[in-house]
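Worksheet: one structure, shown below.
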Amino acid sequence: MTFFEDPVVFLSNLIQDLLVGLNLAPSVVTFFMTLLGVVIVASFGLIAVIFLIWLERKVAARFQDRIGPNRAGPYGLLQTFADIIKLITKEDITPDNADKVAFNIAPILSVVSVLLIWAVIPFASGWIGSDINVGVLYIGAVGSFGILSVLMAGWSSNNKYALLGAFRAVAQLISYEVPMLITLLIPVLLARTMGLMGIVEAQSTWFVVYAPLPALIFLISSIAEIGRTPFDLLEAESEIVAGFHTEYTGMKFGLFFAGEFLHAFTIGVLTAILFFGGWRGPGAETYPVLGVIYLMLKALGGYFIVMWVRTTLPRIRIDHMLNFNWKLLVPVTLALLMLIAVLDKAFAGTALYLPALIAANLVVFAGLMVALRQLAVRQRKERKRFKKRPVAKPA
Amino acid sequence: MLDQWLFVGIFVSIAAVFPLLPLVMARFLAPRKPNRIKQETYECGIETVGDTWVQFKIQYYVYALVFLIFDIETVFLYPWAVSFDVLPLFAVFEGVLFILILAAGLFYAWRKGALEWS
């Protein structure tokens, strides 16, 4: 094993030999190696977010026909560092009426909940923090802490706007968790494992080919989970000031901010892993570095779509948002899950497997379109029953 | 396997320490000049009236209740999906039946008006 083939394994063997050479007990060596791995993976996530904030501001600026940050450093690359310094040196205000404990834990929890997902992300062949056999379930579990942090922040602030934001978070984040968890189930079903490494290895054809509709639904419900435009009702700045983080200042606000950006990128990474083959690509098996590059490119593609949606669409009304979830996404995902399960059992291993799954997706999509059309026709009829409003004519 | 969980265990503690670092730095670097007006609840410059922690629109909680059913359902389905290869056809249809019963639950909640925002 040379350095160029697999630098991570090479270096970890080197460090392990060094520690064993120091006559440490094997358990201590394991502990140190694990600790080192944890620090590297966790800092990867947090360093990525510094770059991502710059990237998103640059891209969003281009969408809005601006230049974006361009003063601090080349191409404004140091802008985020300037922001961090500014946030750290700002006074931290805690309102007198706030519930101090929950108020202070909430921003930390919002970062932790996203960062924890990175523990099970497979970066390349053999490069994974922890290949636990319940990876997908773990993602669903730690992802729910994010909702908790929003709720804690909104409730503990003792501010009416923040409380409204928290209420909306309960309705929105919780609702969109349902289609997200069900669509997470479909790659698990296709790969027959919950371990993320296993899911990537099972994708000799990307799962998006078998399940394009679940991939789309996963992306939509994930965007809703981040709470970004068009689903940013929990921090709608034109209605409820800043929503759940109205009372937060300085670095505590900064943590919410960082958590949101990291979450958005993590969604891109998860979509890439679950539906777009993760680190798979030409040459990725022998040279794991290539795998990381493939994964990051795919993830940035997903992240770009998230940014694109954010800068393009306006915020939707709360009843529309909830109806969209409960009356459209949830029934569709349930139907897809049932169809894919039955077809998978019937055609697994045969030549008809791929056509059958694609046909299932098409049938569900066609059914959805017919239902939406009927709804539109009915609404149009409903509207005709009322007379036209008198229009003021110019004199 | 236990090593993998050791990783997750250490990760939890490190992940909690990382966001704490900037907060501790801010504690030393940031100015602290509290006063009564600054510590007040923000409400666009107006003094806040009445209690904030009140009973509020029930609709939000109805959604939370419906969510609870579906969340637990999905957790039950994960082992079913993982062991799909060894499942007999009967068990597959049992799983489908389970989803159908829940779909009926969703339909019931829908007709009952639990999903209406009014």
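Worth pointing out:
- For the cross-link pairs A:Lys252/B:Lys57; A:Lys160/B:Lys57; A:Lys327/A:Lys388; A:Lys90/B:Lys38; A:Lys86/B:Lys33, the ones whose C-alpha atoms lie over 19 Å apart are A:Lys252/B:Lys57; A:Lys327/A:Lys388.
- Unit charges on C-beta of K, R, D, E only; dipole of segment A:22-162, Debye: 420
- Cα-based values for chain A, radius of gyration first and Dmax second, are 23.8, 97 Å.
- Relative contact order for segment A:281-395, counting Cα pairs under 8 Å that sit 6 or more residues apart, in percent: 14
- In plain terms, the chain from A:Val101 to A:Lys388 could stretch by 97.7 nm, reckoned as 0.36 nm per residue minus the Cα-Cα distance.
- Residue of A:Leu18, A:Leu368, A:Leu290 that the Gaussian network model of chain A assigns the largest fluctuation, springs spanning Cα pairs under 10 Å: A:Leu18
- Charge tally in the Cβ shell below 11 Å around A:Asn70, where Lys, Arg are +1 and Asp, Glu are -1, A:Asn70 excluded: +4
- Net charge of neighbours whose Cβ lies under 12 Å from the Cβ of A:Asn158, counting Lys and Arg as +1 and Asp and Glu as -1: -4
- Burial ordering of A:Phe167, B:Phe90, fewest other beta-carbon atoms within 10 Å first: B:Phe90, A:Phe167
- Among A:Gln379, A:Gln16, A:Gln203: highest mean-square fluctuation, GNM of chain A, C-alpha pairs under 10 Å: A:Gln379
- Taking the fewest neighbouring Cβ atoms within 10 Å as the starting point, the ordered list for A:Lys100, A:Lys160 is A:Lys100, A:Lys160.
- Rounded if a/c under 1.5, otherwise prolate or oblate - segment A:266-395, Cα gyration tensor axes: oblate
- Global form of segment A:1-89, assessed from the alpha-carbon gyration tensor, a/c cut-off 1.5: prolate
- Legend: ranking of residues A:Val241, A:Val29, A:Val20 from fewest to most surrounding C-beta atoms inside 10 Å; resulting order A:Val20, A:Val29, A:Val241.
- Prolate/oblate/rounded label for chain B (Cα gyration tensor, a/c 1.5): oblate
- Chain A - percent relative contact order, Cα under 8 Å, separation 6 or more: 18
- Computed [θ] at 222 nm, deg cm²/dmol, the protein assembly as shown (DSSP H ≥ 4; -39,500 (n - 2.57); rounded to nearest 500): -23000 deg cm²/dmol
- In segment A:53-119, Cα pairs under 8 Å separated by at least six residues give a relative contact order of 17 percent.
- At most 14 other Cβ within 10 Å, DSSP loop - chymotrypsin sites (Phe, Trp or Tyr not before Pro), segment B:1-55: B:Trp53
Values in this text are rule-based calculations from the coordinates and carry no lab data. Note that the structure is predicted; figures quoted are calculated from it, not measured. Cβ: placed from backbone, ideal geometry, glycine included. Neighbour counts: every protein chain shown.
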